[in-house]
1. If you take the alpha carbon radius of gyration of the chain and divide it by 2.2 N^0.38 Å, what ratio comes out, to two decimals?
2. Cross-chain or 8 or more residues apart, Cα under 20 Å: how many lysine pairs in the chain fit that? Count them up, please.
3. Report, in degrees rounded to the nearest 10, the 0 to 90 angle that the Cα long axis of helix 5-19 makes with the longest principal axis of the chain.
4. With a cap of 16 neighbouring Cβ atoms within 10 Å, and only residues DSSP puts in a loop, list the trypsin sites (Lys or Arg not before Pro) found in the range 42-140.
5. To the nearest 0.05, what FRET efficiency results for residue 84 and residue 6 with a Förster distance of 35 Å applied to their C-beta separation?
Amino acid sequence: MDADPKETLKTMFDKVNREDTFSQRVGVKLVELLPGFARTTLAITDESINIYKMAHGGAIFSIADQACEAAGNSYGEPAVALQQNIHFLAAGKSGDLLEATAKVSHRSKRIGLIEFEVRNQEGLLVAIGQQLIYFKKRDL
């Protein structure tokens, strides 16, 4: 019997926000989850900037990675990243609220491709990229 898709999404939404301790530590929050799609947010603070007073690349990468993690796992199958690329297009700054959206653009039995973007509160495109994921076999 197949799982209820709504229950699968709710379970994954709760699991990501409750159990991803790294994202909790840096302040990334999953705010929306649909099949193959996720949206996350991160407030840039003085603790997440680099020596040039810009949002640290690791912070931007982290918000994108969290969105990809949620989108990839939204089907109820365990999915892990194989590779991720990111292109930084604009600088974020302390006080910005970043939002990442990730969408599964291709999915086969074992491999998926996710495309993502990160924008600030004004809609400025901060970063874009892709993540290649692997759908693991369920543990029996």
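Laboratory data are not the source of any read-out in this text; all were calculated from the coordinates shown. What you are looking at is a predicted structure, and each value in this text was computed from that prediction instead of being measured. Note that we place each Cβ from the backbone using ideal geometry, even for glycine, and neighbour counts take in every protein chain shown.
1. Details: Rg = 15.0 Å, N = 140, 2.2 N^0.38 = 14.4 Å.
Here the Cα radius of gyration is 1.04 times the empirical estimate.
2. Number of lysine pairs found: 15.
3. 50
4. Details: sites: 53, 93, 103, 107, 109, 110, 119, 136, 137, 138; in loops: 53, 109, 110, 136, 137, 138.
Hits after loop and neighbour filter: 53, 109, 110, 136, 137, 138.
5. Values: r = 28 Å, r/R0 = 0.81.
Computed FRET efficiency for residue 84 and residue 6: 0.80.
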